[in-house]
1. Does region 103-136 hold any residues that are buried (at least 19 other Cβ atoms within 10 Å of the Cβ) and over 19 Å from the mean Cα position of the chain (by Cα), and which are they?
2. Checking residue 86 against (1) on the phi < 0 side of the Ramachandran plot; (2) free of Cβ contacts under 8 Å to residues at least 60 places away in the same chain; (3) out of contact with any helix residue (DSSP H, G or I) (no Cβ under 6 Å at 6 or more places or on another chain), which test does it fail?
3. Could you tell me how many of the residues in region 214-256 are farther than 30 Å from residue 163 by Cα, free of Cβ contacts under 8 Å to residues at least 60 places away in the same chain and touching a strand residue (DSSP E or B) at 6+ places or on another chain (Cβ under 8 Å)?
4. State whether the residues of region 91-114 include one that is part of a loop (DSSP other than H, G, I, E, B) and under 20 Å from residue 3 (Cβ atoms).
5. If a residue must be over 17 Å from the mean Cα position of the chain (by Cα) and either buried (at least 21 other Cβ atoms within 10 Å of the Cβ) or not assigned by TED's automatic domain parsing to the domain that holds residue 30 (or both), how many such residues does region 69-80 contain?
6. Restricting to region 81-102, name every residue that is out of contact with any strand residue (DSSP E or B) (no Cβ under 6 Å at 6 or more places or on another chain) and either closer than 27 Å to residue 324 by Cα or surrounded by fewer than 16 Cβ atoms within 10 Å (Cβ to Cβ) (or both).
7. Using beta carbons and a limit of 9 Å, which pairs, at least six apart or on different chains, have the first residue in region 261-290 and closer than 30 Å to residue 24 by Cα and the second one at pLDDT below 85 and surrounded by 10 or more Cβ atoms within 10 Å (Cβ to Cβ)?
């Protein structure tokens, strides 16, 4: 395939990172960048003099030589911008979450199919080397039967104007657990609070129930003095943690668990003893996740499918987020979640 011409819509915090990584990879080059801010257009134009800049992304979409676009605009604009790009016959890589409602996601998916173009969601942590290591551990059943998982994603800011902390932060962890477990949760319960602005939750405490009896808790907030990105998986045989900010290695595997030992006076009864073993920190080759994501997008255009990050996966995440918001509004009542996919783990068993 000839070199793919790419346009980046949204050149704020994240957009320039896309441009930088596209420029470093073979197979694609950024030819356009769009942003309503003159300051951001000047910034991009000064760094990349061969990239055409515009205030109106529709000017970009009118270019017949443009093959694909990246949507790196605020979440509330994802649907309208991505829809225009898809209707123009461009492949689309849209930042997470794909849209604010499942109905908007479904419309984007149908539009992509109608125009025979790829729709991919920027679930960047699916390309994180540490998360891929956790996936490997689960795939080879190294942890044994999984009991539960936890995630904490916190920092002091950035505080969004258009979506809640659940949509902004928990969307990452929902996409991670969906990827790890190869399915979506069936039930959601959540509580949230808006301290800074009415109607926009600054914190979300979420409980997800996945098939096979797996429970997951997610703590997401942009009101925390420490930056935290952590996941814990607790299995019957072993336990594992992922700390994206750990200096010595993001994944640790704990050979720890609980053993059942028979009472000597009654072989029909057991007592539980903790088992303490070694902690292993596997060597993980570091590579920028965004670079992997972009390489995957370019490859997906050639194949015609984005698989693990396609529109259906984006829809699954947004359906969970909708259930989270519904549960918060109802005071934490459980809400059932519909999924676009059947449980592949059940299909294999």
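The values are calculated or read from the model by the stated rules, or taken from the named source; none is laboratory data. This structure is a prediction, so every number in the text was calculated from the model and none was measured. Here Cβ is always computed from backbone atoms with ideal geometry, including for glycine, and neighbour counts include all displayed protein chains.
1. 111, 112, 117
2. All conditions pass for residue 86, except number (3).
3. Residues of region 214-256 that are farther than 30 Å from residue 163 by Cα, as a first pass: 234-240, 247-249, 251-256.
From what is left, the residues that are free of Cβ contacts under 8 Å to residues at least 60 places away in the same chain are 247-249, 252, 254-256.
From the residues that got through so far, the ones that are touching a strand residue (DSSP E or B) at 6+ places or on another chain (Cβ under 8 Å) too are 252, 254-256.
Qualifying residue count, region 214-256: 4.
4. no
5. 1
6. Correct list: 83, 87, 89, 97, 99, 100, 101, 102.
7. Every condition considered, the pairs that remain are 282/249; 283/249; 284/249.
So that you can scan it fast, the table gives a plain yes or no per residue for (1) part of a loop (DSSP other than H, G, I, E, B); (2) at pLDDT 95 or above; (3) outside the structural domain of residue 173 (by TED's automatic domain parsing):
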residue: 273; (1), (2), (3): no, no, no
residue: 284; (1), (2), (3): yes, no, no
residue: 296; (1), (2), (3): no, yes, yes
residue: 301; (1), (2), (3): no, yes, yes
residue: 322; (1), (2), (3): no, yes, no
residue: 327; (1), (2), (3): no, yes, no
